[in-house]
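Shown next, in structure tokens, is the structure this report addresses.
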Amino acid sequence: MPELSALISLLVQHNSGEPEKINHIMKVCGFARAIAREEGLSESTILTVEIAAAVCNIADNGTESAMVSDMLLLNLGYERNFIEKVHDLVLKNASYDDITGIDYQILAEANFLVSAFENRLDKESITEVLNTVFKTKCGKQYLCDMYGVSQEEN
């Protein structure tokens with residue numbers, strides 16, 4: 001399977017002149033990798049999460065991102081069944097509703113960690129997402145530490 005670095009190089013080229021977008025992609029990818037590793041996922045699941053995180057915001061919406069990422073991943077030599085897993089995650093990524101699977105959970109958390117900062121969300125909004133969306137121990141800890149929020153006790 002091709003190296004993630006080859007995909008990152010293509011993503012940087014694809015988004016030439018858009019440093020904000022490139023930074024967003026790299027931050028989401030980094031958080032997704034860190035959370036997946038901390039949660040003890042298999043190497044194959046970590047790779048799937050990493051690749052999905054790298055390509056999920058490549059275009060203006062999930063459908064476009066899925067189409068562009070399919071072409072990039074095929075050109076890099078990724079196998080069709082792997083691309084389909086990534087494709088499914090990218091299409092789901094637009095919503096926090098009905099998160100199923102640890103890979104989707106981690107992708108949603110990584111995206112929010114970055115988007116909360118980029119969108120300058122207030123602590124109340126961040127706390128609400130913490131209490132309703134975040135499930136992984138690592139993701140929760142990152143969010144609490146980064147934004148100085150606490151999880152509500154149930």
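The numbers here are math on the coordinates, done by the rules we state, and not lab data. The model shown is predicted, which means the values in this text are computed figures rather than measured ones. Cβ placement follows ideal geometry from the backbone for every residue including glycine, while neighbour counts extend to all protein chains displayed.
Computed values, structure above
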item	result
Estimated [θ] at 222 nm from DSSP helical runs (n ≥ 4, -39500 (n - 2.57)) normalised by residues in the chain, nearest 500	-23000 deg cm²/dmol
Distance-filtered residues of the stretch 24-57 - backbone nitrogen under 17 Å, label point 7 angstrom along K137 Cα→Cβ	34-42
Orientation-averaged projected area, Cα convex hull of the stretch 7-85 (nm²)	5.0
Mean-position separation - Cα centroids, the stretch 29-72 and the stretch 92-110, in angstrom	11
Value of relative contact order over the chain, rounded to a whole percent, pairs C-alpha under 8 Å and six or more apart	24
Order of I126, I22 under a 10 Å beta carbon neighbour criterion, fewest first	I22, I126
Which of I99, I106, I25, I58 has the fewest Cβ neighbours within 10 Å, and the rest in rising order	I99, I58, I25, I106
Neighbour-count ranking [beta-carbon atoms within 10 angstrom, fewest first] of M71, M26, M146	M71, M146, M26
Cβ-placed point charges (K, R +1; D, E -1), dipole of the stretch 4-122 about Cα centre in debye, nearest 20	280
Surface/4 of the Cα convex hull for the chain, nm²	8.8
